[in-house]
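Down below is the structure, laid out as structure tokens.
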Amino acid sequence: MVRDEQLTESELGRIAESLRDDWPTAQAVDFEESVEYHGSLPDEKRFAHVLESADKPLLQPRAGVPRLDKQVELLTHLWEEGGADLLPTTIDSYTRDNEYAKAQEGLDEARESGEDTLNGFPAVNHGVDGCRELVERVPGPIEVRHGTPDARLLAMVTFAGGFQSFEGGPISYNIPYTKSRSLAETIEHWQFVDRLTGLYTEFGVRINREPFGPLTGTLVPPSIAIAIGVVEGLLAATQGVKSLTLGYGQVGNLVQDVAALRALRALGEEYLPDDVTVTTVFHEWMGGFPPDEARANGVISLGGATAAFARPDKVITKSPQEFRGVPTMEANAAGLRTTRQLIDMLIEQDVTIDGIDEEQAFIERSARSLLDSVVSLGDGDVAQGTLRAFETGALDVPFAPSQSAKGAVLPARDDKGRVRILEFGELALDDEIREIHRTHLDARAKTEGRACSFRMVADDVDAISDGRLIGRPK
Ligand SMILES: CC[C@H]1O[C@@H](n2cnc3c(N)ncnc32)[C@H](O)[C@@H]1O
């Protein structure tokens, strides 16, 4: 039975040995030799150091292409032309499903024909040496960004390869990314990733972990996103992780987004152990984007403005080509510059915005209620509590493809565009909190002359790509 307890070194070693046969590149992974290698990296490539010593929000895009030379070119362009402060390497979908043979086919094809059929960098196939070449040839610290439910081998290879930051978690890379993976299984898989992170940390290599805050990315109530991020942080801290970046995906209402980012930092610092350094990351809108690039830049700009007011430690930027999917190098760099322009123009201004403190208090009260239900359902064990919370629906994520979540929660925007909850399912929120959500939504229903219904939810899902925030009746 999975429990929130630190893996022993022998368990860690046994699992690592069992993974070595999954792909030939795993044979080259040698922990002690890798610790030496990390020791050779200069400070400007130490991810946690750069992130935790910054005095203003750092910008980081997503980016991943199959071939090593092209990935070097892409990341260098994003650094030099986009002004990125932190770099990604987005991993391809086959690797995310542990389909390393298919990833190899895609890599071979890209090398032969120049055709990129993979939608990211197949780091396991590139292996330890390939990753080290990438780390050495690009100018800044790089994070592994992906969506892998079983990321154990990916972590072994990329950590040995010099990467010092790793996105994801047992809930945030299960619920939004899989259909039938068991939560107990992904908790175990991520205990390995986090224990490996902790072991590197104990050997002087401070590796940063970043739970995937946005979850299903569309209209996720802030209290749910924050509660899940803190739970993943607690599970990681048990395994010895000391550098944690908690994340939140922009919903588009300025007051609620600033309030949520402040609540995220406050609760992260309150619930996580004192020896864990907590930073925050703000993801620019993760929902549907307008096809029109000028409007898309407007969405990105609102993200930049929000970051100027909320001052997260990191911002994950979007590109004006988001509607089309993976952006060109130039468009990806442009999204960084647009974001930077808004932050630099606003960050020194003294602007007060009404309603943030009240919204932050409401978000914190709701997130605490969810967190406390996880702890009590597990009799103090956060791993067991997580399983029970999702089994009962006490914790739930809207629009989740995973069978591990009830998916009974339905969000909708209120008259100001803040995300409220229309259907609660068994969510661990008391009647008073539920009443506040209902009051806000009833006010919108009155304004629009229609009843609260799933129609509102559907209208809100498309609103931003249609160039609006609230899905008003047409
Ligand atoms: C989580 C979804 C986000 O990841 C982005 N994404 C996925 N793969 C790549 C990629 N290979 N390069 C740049 N952006 C990417 C995608 O555009 C979307 O914004």
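Values in this text are rule-based calculations from the coordinates and carry no lab data. Every value quoted in this text rests on a predicted model; they were computed, and no experiment measured them. Note that we place each Cβ from the backbone using ideal geometry, even for glycine, and neighbour counts take in every protein chain shown.
Taking every DSSP bridge with both residues inside the chain, close to 15 percent are antiparallel. Per q in 0.16, 0.20 1/Å, what log10 I(q)/I(0) does a Debye calculation on the alpha-carbon atoms of segment 116-218 return? At q = 0.16, 0.20 Å⁻¹ the computed log10 ratios are -0.71, -1.06. Its residues counted as N, the chain yields a C-alpha radius of gyration over 2.2 N^0.38 Å of 0.93.
Dividing the summed -39500 (n - 2.57) terms of all DSSP H runs of n ≥ 4 by the residue count of the chain sets its mean residue ellipticity at 222 nm at -16000 deg cm²/dmol. When each of the peptides 217-229, 108-120 is scored by the mean number of other C-beta atoms lying within 10 Å of its residues, the order from highest to lowest reads 217-229, 108-120.
Using R₀ = 56 Å, calculate the FRET efficiency as 1/(1 + (r/R₀)^6) where r is the Cβ-Cβ separation of Thr328 and Thr8; round to 0.05. Step by step, r from the Cβ atoms, then E = 0.75. Applied to segment 236-245, the Karplus parametrisation 6.51 cos²θ - 1.76 cosθ + 1.60 on θ = phi - 60° returns per-residue 3J(HN,Hα) values of 5, 4, 4, 8, x, 5, 10, 10, 10, 10 Hz, with x for Gly and Pro. In terms of distances greater than 28 angstrom between alpha carbons, the cross-link table entries Lys179/Lys242; Lys70/Lys314; Lys179/Lys318; Lys45/Lys179; Lys56/Lys179 yield Lys179/Lys242; Lys45/Lys179; Lys56/Lys179.
Above 19 Å, the calculated P(r) of segment 313-414 contains 68 percent of its Cα-Cα pairs.
Is the shape of segment 386-427 best called rounded, prolate or oblate, per the rule: a/c under 1.5 gives rounded, else a/b larger than b/c gives prolate, else oblate, with a ≥ b ≥ c the square roots of the Cα gyration tensor eigenvalues?
Prolate, because a/c is 1.5 or more and a/b exceeds b/c.
Is segment 169-248 best put as rounded, prolate or oblate by its Cα gyration tensor, with a ≥ b ≥ c the root eigenvalues, rounded for a/c under 1.5, and otherwise prolate when a/b is larger than b/c, oblate when not? The shape class here is oblate.
The amide H of Leu58, built 1.01 Å from its N in the peptide plane, has Lys314, Val315 as neighbours under 5 Å, considering only residues 5 or more places off or on other chains. The charge dipole of the chain, taken about its Cα centre with unit charges on the Cβ of Lys, Arg, Asp and Glu (plus for the first two, minus for the last two), comes to roughly 1320 debye.
For segment 333-474, the fraction of alpha-carbon pairs lying more than 18 Å apart is 66 percent, rounded to a whole number.
For segment 34-167, averaging the sequence separation of C-alpha pairs within contact (under 8 Å, six or more residues apart) and dividing by the residue count gives a relative contact order of 30 percent.
Pairs of Cα atoms in segment 222-369 fall into 10 Å distance bins, from 0 up to the last occupied one, in shares of 12, 38, 32, 17, 1 percent.
Counted residue by residue at 0.36 nm each, then reduced by the alpha carbon distance between them, the extension gain from Asp292 to Gln27 reaches 90.6 nm. Working note: Cα atoms of segment 48-112, range along each principal axis, descending, whole Å: 43, 24, 15. Paramagnetic label reach from Lys474 (point 7 Å along Cα→Cβ; backbone nitrogen cut-off under 12 Å): within segment 448-464, residues 459, 462-463.
The calculated pair-distance distribution of segment 143-297 uses every alpha carbon pair, bins of 10 angstrom beginning at 0, and gives 12, 41, 33, 12, 2 percent.
The three principal axes of the Cα atoms in segment 329-378 give end-to-end lengths of 48, 33, 12 Å, sorted in falling order.
Compared with the dominant Cα axis of the chain, that is its longest principal axis, helix 454-463 is turned about 60°. Scaled against the 2.2 N^0.38 Å expected of a compact globular protein of N residues, the Cα radius of gyration of segment 1-160 reads 1.07. What shape does segment 167-213 have by the C-alpha gyration tensor, where a ≥ b ≥ c are the square roots of the eigenvalues, rounded means a/c under 1.5, and otherwise prolate means a/b greater than b/c and oblate the rest? Cα axes put segment 167-213 in the oblate bin.
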